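The values are calculated or read from the model by the stated rules, or taken from the named source; none is laboratory data. Keep in mind the model is a prediction, meaning the values are calculated, not measured. For neighbour counting, all protein chains shown are included, and Cβ atoms are generated from backbone atoms with ideal geometry for every residue, glycine included.
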2 protein chains.
Amino acid sequence: MKPINRRTFSKKLSQGLAGTALVAGMPLACGMQNDKIKKKLGVALVGLGTYSTYELAPSLQETKHCQLAGIVTGSPEKEKVWAEKYNIPKENVYNYENFDRIVNNPAIDIVYVVLPNSMHADFCIRAAKAGKHVICEKPMAVSVTECDAIIQACEKANVKLSVGYRLHSEPYTQEVKRYAKEKPFGAIQYVSADAAYFSRSNPEQWRLNRKLSGGGALMNMGVYAIQSVIYGTGMNPISVKAQEFSTRPDYFKDTDETITAQFEFETGAIGNIMTSHSANINRLFVTSEKGWLELNPANNYGPLSGRTSGGKEIKFPHERQQKLQMDDFSKHILMGTTNIVPGEMGKRDMIIVEAIYQSIKEGGKTIPLDLGTMGIVS
Amino acid sequence: MKPINRRTFSKKLSQGLAGTALVAGMPLACGMQNDKIKKKLGVALVGLGTYSTYELAPSLQETKHCQLAGIVTGSPEKEKVWAEKYNIPKENVYNYENFDRIVNNPAIDIVYVVLPNSMHADFCIRAAKAGKHVICEKPMAVSVTECDAIIQACEKANVKLSVGYRLHSEPYTQEVKRYAKEKPFGAIQYVSADAAYFSRSNPEQWRLNRKLSGGGALMNMGVYAIQSVIYGTGMNPISVKAQEFSTRPDYFKDTDETITAQFEFETGAIGNIMTSHSANINRLFVTSEKGWLELNPANNYGPLSGRTSGGKEIKFPHERQQKLQMDDFSKHILMGTTNIVPGEMGKRDMIIVEAIYQSIKEGGKTIPLDLGTMGIVS
């Protein structure tokens, strides 16, 4: 495809090329000149752990609107392996100290922060200051205050911000959202969501260290369960009560093992979630006046599976969720489509996380939530 | 089949006739002489409401080891309709005042009490005093104290006692119990059980009147959810926390509308239940180390439906659950088979119900339970 410059862009758009990969209206803060056109946005992954290695990097080989262009790692060994495997030029490789030099690198448009939770805010803010668009892995941060700081930094720098909620881009979750919106079974009455896996590996992992993770099961799988009751009903909850359970305190010295929570919605619907590092379960069940819908699995990397009352199977072709997610965010940047996972959504979930921990601290007390439509993207 | 008397009974037994319908070892308290043999035990239904009309009476047309022989009703109109429809002789028709005369009626062996919950204890005790075996509809009573009184009355009268938990006799529930026992998927980690329906009919119904029902959703569908976590794990819980939700206080003036509760088990497994009169849901989900099992519906009158991880469908021929239940109890009486739903099971569930109400009253506090293996029948 012949490169398109700013002058020809409007014309091309009117010719129906909006869906192809091109760069338009990129803020100058991005570090590239507007007339310099790329087919795909360059993504730098910050933190090369399991998720980057087995999910994000392979997904970025399949994306249409962005590609793996840079890495940020504290490990010289990973630097070498990744640079070779993904053909990443030396100038696109950073460590945590020299990361801020990324401001001068026009090859990087998006910084995806995949570090332990407590480091999200720092690196997201630095990425924004460097003029890069930001994807912050979930949970967005370890506090609402940090979420606010990230959002403000991105606004100030005029860069786009998203959170690593990959499910909003994949069709099973979109079908759940469609049911919540169109209500083919009538009013939604109850959503049950369980997001948990049994952890028994390395007790030194950062997820078990509150300083790094900010919390246990709730901060890890729990946010998926919270998301489930919200997109399962199409509403934010108006209150939450929560309970904590501990059966392996030797392993979970520092973080929550199992949490249940109940949500009230203004329509009278109830949400009931469980999240745990001591059980294998991954389910979303939405029941309405005249029928129900179920995903199981509901929020792992897929293939997901679903069905409704009346024996209907919910079935879509499987694609890497992260591929869809990063392409959606790239289209938001490139073509001005809706940001389906804005920073506000991550902040809203952190408000709920903090309310859940508060409820537990106060013996299961009902914590009112005043979220309005915060983070709801229809 | 030629009648069998006491002298020929042992011989017939050794010839393999134990599975046929016969009467042996009936206590004299039953009102019949031991040598007078019946093919089927006579059942009297006390209370001719919806459940008797549409479930129990039709089931008693299909039972092998018992049959509808008598009725107890306060309605002369129902007397007439039932007597005609089911060919019930005048001497087997009672009202609530003359009910105790049933002591002299050898046609009645079992009294099934299907009255509003608050009347269970009174009529079960009177039935026991009349020397009749007793089936008490669930929930067993409105307090543990009443459960104890029923159990003691039956022990004193040397009559058998069961509770109307029809599911223990049907194959889907038995399959859940088999999984809990044999653990083909390894240790059970989590059971989620939701038992609820949306009630909007007659606001004058007894279920909405605490004096008659003893409570709302929890006393009605809730005991199924409690049962589910117990037979789903094969264990009694060691603690419970609970929460209550209200969205239609005008309709639920007097009884609980929606309750959630969480159970701990000594193995570390967790149970999470929801019961409601404001949602349609009827599910049991059991997850273990290596797989899961699900029934949906799990506890309505069927046909039930189930599946496991790995895509296996759980499928059994459908029969009326109440037919199986009443035949099982009759076999217990006639042939000394295990009483799979003893009075203790109903009492245990009432202990849990009281603990749930207590937890709610105390703001969601954890209530310890010391049940041992009470009511567990393997």
Subject >> Residue check for B:G310: within 13 Å of another protein chain (Cβ to nearest Cβ) and modelled with pLDDT under 95 >> reply: yes
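Assess whether A:K64 counts as being outside the structural domain of A:E354 (by TED's automatic domain parsing), in a loop (DSSP other than H, G, I, E, B) and surrounded by fewer than 17 Cβ atoms within 10 Å (Cβ to Cβ). Full working, then the answer.
Working: outside the structural domain of A:E354 (by TED's automatic domain parsing): yes; in a loop (DSSP other than H, G, I, E, B): yes; surrounded by fewer than 17 Cβ atoms within 10 Å (Cβ to Cβ): yes.
Answer is yes for this residue.
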Original post:
Mind checking which pairs have a first residue in segment B:42-71 that is more than 21 Å from B:G302 (Cβ to Cβ) and a second that is among the basic types (K, R), Cβ under 6 Å, 6 or more apart or different chains?
Top reply: B:L48/B:K78; B:Q67/B:K40
**OP:** Give the residues of segment B:287-311 that are under 20 Å from A:E294 (Cβ atoms) and over 22 Å from the mean Cα position of the chain (by Cα), sorted by residue number.
**Re:** B:T287, B:S288, B:G291, B:W292, B:L293, B:R307, B:T308, B:S309, B:G310, B:G311
Original post:
List the pairs whose first member sits in segment A:244-262 and is more than 11 Å from every other protein chain (Cβ to nearest Cβ), whose second member is surrounded by fewer than 18 Cβ atoms within 10 Å (Cβ to Cβ) and of a type in the set (G, A, S), and whose Cβ atoms are under 9 Å apart, counting only residues at least 6 apart or on separate chains?
Top reply: A:F252/A:S246; A:D256/A:S246
Subject >> Residue within segment A:286-305 that is more than 22 Å from A:A195 (Cβ to Cβ), among the small types (G, A, S), within 14 Å of chain B (Cβ to nearest Cβ) and surrounded by fewer than 22 Cβ atoms within 10 Å (Cβ to Cβ) present >> reply: yes
**OP:** Would you kindly identify the strands (runs of 3 or more DSSP E) lying entirely within segment B:84-186 that contain at least 2 residues that are crowded, with 16+ Cβ neighbours inside 10 Å and not β-branched (V, I, T)?
**Re:** B:133-136, B:161-163
Subject >> Residue check for B:Y179: touching a strand residue (DSSP E or B) at 6+ places or on another chain (Cβ under 8 Å), more than 14 Å from B:N299 (Cβ to Cβ), within 14 Å of chain A (Cβ to nearest Cβ) and touching a residue at least 60 places away in the same chain (Cβ under 8 Å) >> reply: no
**OP:** Test A:F265 against the stated conditions and say whether it is in contact with an Asp or Glu (Cβ under 7 Å, 6 or more places away or on another chain), aromatic (F, W, Y) and under 18 Å from A:Q189 (Cβ atoms).
**Re:** no
Original post:
Do you know which of the residues in segment A:239-262 that are of a type in the set (D, E, K, R) and in contact with an Asp or Glu (Cβ under 9 Å, 6 or more places away or on another chain) is nearest to A:N300 (Cα to Cα)?
Top reply: A:E257
Subject >> Hits in segment A:307-366 - residues which are in a loop (DSSP other than H, G, I, E, B) and either of a type in the set (V, I, T) or touching a Phe, Trp or Tyr at 6+ places or on another chain (Cβ under 8 Å) (or both) >> reply: A:S309, A:F316, A:R320, A:T337, A:T338, A:N339, A:I340, A:V341, A:T366
